[in-house]
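Data block below; observations after.
Only the coordinates and a few stated rules stand behind these numbers; no lab work does. These figures come from a predicted structure and were not determined experimentally. When we count neighbours, we look across all protein chains shown, and the Cβ atoms used for this are built from the backbone with ideal geometry, even at glycine.
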Amino acid sequence: MKKVVSLLFVPLLILSLCCGCGQTKEKTVVRLNEVTHSVFYAPQYVAMKQGFFEEEGLQIELTNGGGADKVMTAVLTGQSDIGLAGPEACIYVHIQGKENAPVVFAQLTKRDGSFLVGRTDEAFSWENVRGKTIIGGRKGGVPEMTLEYVMRQNDVIPQVDAVVDTTVQFNMMAGAFTGGNGDYVTLFEPTATEVEQAGKGVVLTSIGQESGEIPYTAYFAAPDYMKANPALIQSFTNAVAKGQNWVQEHTAEEIANAIADQFPDTDVAVLTNVAQRYKDIDAWNETPVMKPEALERLETVMETAGELDHADWVDFTTLVDNHFAAQAG
């Protein structure tokens, strides 16, 4: 009788083991809100495509916020868990003294990712914009402030020597320019190249190459969320670090193929050119760690633009928690 029971037990055990083999561990959903959808954020899309987030047990639910202010609102109201935008959004919230003001825990890009687009293929110098209008983005946003910073560095005073139009919403800038507004516009990729290929503009110069290193885009979350989910924040940062390392070690063509699913309406050849353009200007951070001197330059840019008083500069340790980034790898 015992032998019969044993023989019956073996198939049941095998069946149970097989069922267990087919099970996959449930992923934790992370609601990520990005400021815009751009090749500029290639390391993030690579991390998604290559399965780096999945390896860390995470499933990314990606939303396009359409502006740093909107991304911040989503994080503050709990509609999103993590925001990807310019750190200036965090600075403004800290200055306002808001409760549970979000903190930066990982940096993605280290230069302005926008390019100045004009209407003709000119031998460009900043003297060319005198007396002209540049569609520059939302007032107080990093793209607009960095543009003004570069203009001042080239002795062109915004609103005095040239008009910077800050009335056009971020995701409407290309349409406004191709519709006939302004003489120049700052655009991210692949939009800048698409406008150029459509014969409606010419990419003239990189704003980021001229401005120098700035902690242009970073990930942030509310302290309460980070405190409640430290393992998640670490896993998220680990995946980002893997994506950053991947783009450093691979060609523009390989990057383009890896992120092609994110840009179904853009030809891979265009994505390759764009990825190479970002590699050429050294746009992506090698690691998620933010440097104090980089934040200092950002606050200098904000002060120069008249958006931040020196007395209101936010201390690095208040705004940034490098703990997770330092351990990522």
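For the pair Gln79 and Thr304 in one chain, pulling the backbone fully straight at 0.36 nm per residue adds 77.7 nm over the alpha carbon distance. Explain nothing, just the number: relative contact order of the chain, from Cα pairs under 8 Å at least 6 residues apart, as a whole percent. The value is 26 percent. Modelled this way, with points 7 Å down the Cα-to-C-beta line, the labels at Glu122 and Gln159 are 2.3 nm from one another. Charges were assigned to the Cβ only: +1 to each Lys and Arg, -1 to each Asp and Glu. The resulting dipole of region 179-329 about its Cα centre is roughly 400 debye.
Cα centroid separation, region 50-114 to region 241-256: 22 Å. Descending by average beta-carbon neighbour count within 10 Å, the peptides 70-80, 246-256 line up as 70-80, 246-256, the highest first.
So for region 115-211: antiparallel DSSP bridges make up what percent, rounded to the nearest 5? The antiparallel fraction comes to roughly 55 percent.
Think of the chain as a dipole: +1 on every Lys or Arg Cβ, -1 on every Asp or Glu Cβ, centred on the Cα centre; then among Met145, Leu232, Asn100, Leu232 lies furthest on the positive end. In a Debye calculation with equal point scatterers on the alpha-carbon sites of region 121-208 and no solvent, what is log10 I(q)/I(0) at q = 0.22, 0.24 Å⁻¹? Log10 of I(q)/I(0), two decimals: -1.15, -1.38.
Can you tell me which of Val268, Val160, Val168 moves the most in a GNM of the chain? Springs connect C-alpha atoms under 10 Å apart. For the chain, modelled as a Gaussian network with Cα springs under 10 Å, the answer is Val160. Rounded, prolate or oblate for region 87-152? Axes are the square roots of the Cα gyration tensor eigenvalues, ordered a ≥ b ≥ c, and the cut-off for rounded is a/c under 1.5. Prolate, since a/c reaches 1.5 and a/b exceeds b/c.
Most simply put, region 26-96 has about 0% antiparallel DSSP beta bridges, counting only bridges with both residues inside it. Placing a pseudo-label 7 Å from each Cα along the Cα-to-Cβ vector at Ala176 and Glu26 gives an inter-label distance of 4.6 nm. For the chain, the alpha carbon positions stretch 99, 46, 31 Å along the principal axes, listed from largest to smallest. Where both bridge residues fall in the chain, DSSP classifies roughly 50% of the beta bridges as antiparallel. The convex hull defined by the C-alpha atoms of region 154-287 has an orientation-averaged projected area of 10.8 nm².
Using the average count of surrounding beta-carbon atoms within 10 Å as a protection proxy, the listed peptides 62-69, 145-152, 39-46 rank, highest first, as 39-46, 145-152, 62-69.
For the pair Asp224 and Thr63, the difference between a 0.36 nm per residue extended length and the Cα-Cα distance amounts to 55.8 nm. Take 307-319, 131-143 and order them by the average number of nearby Cβ atoms within 10 Å per residue, most first; the result is 131-143, 307-319. When +1 charges are put on Lys and Arg Cβ atoms and -1 charges on Asp and Glu Cβ atoms, the dipole computed for the chain relative to its Cα centre reaches about 1380 debye.
Cross-link pairs exceeding 27 Å in C-alpha to C-alpha distance, out of Lys139/Lys200; Lys139/Lys291; Lys98/Lys227; Lys49/Lys98; Lys132/Lys279; Lys98/Lys291, comprise Lys49/Lys98; Lys132/Lys279.
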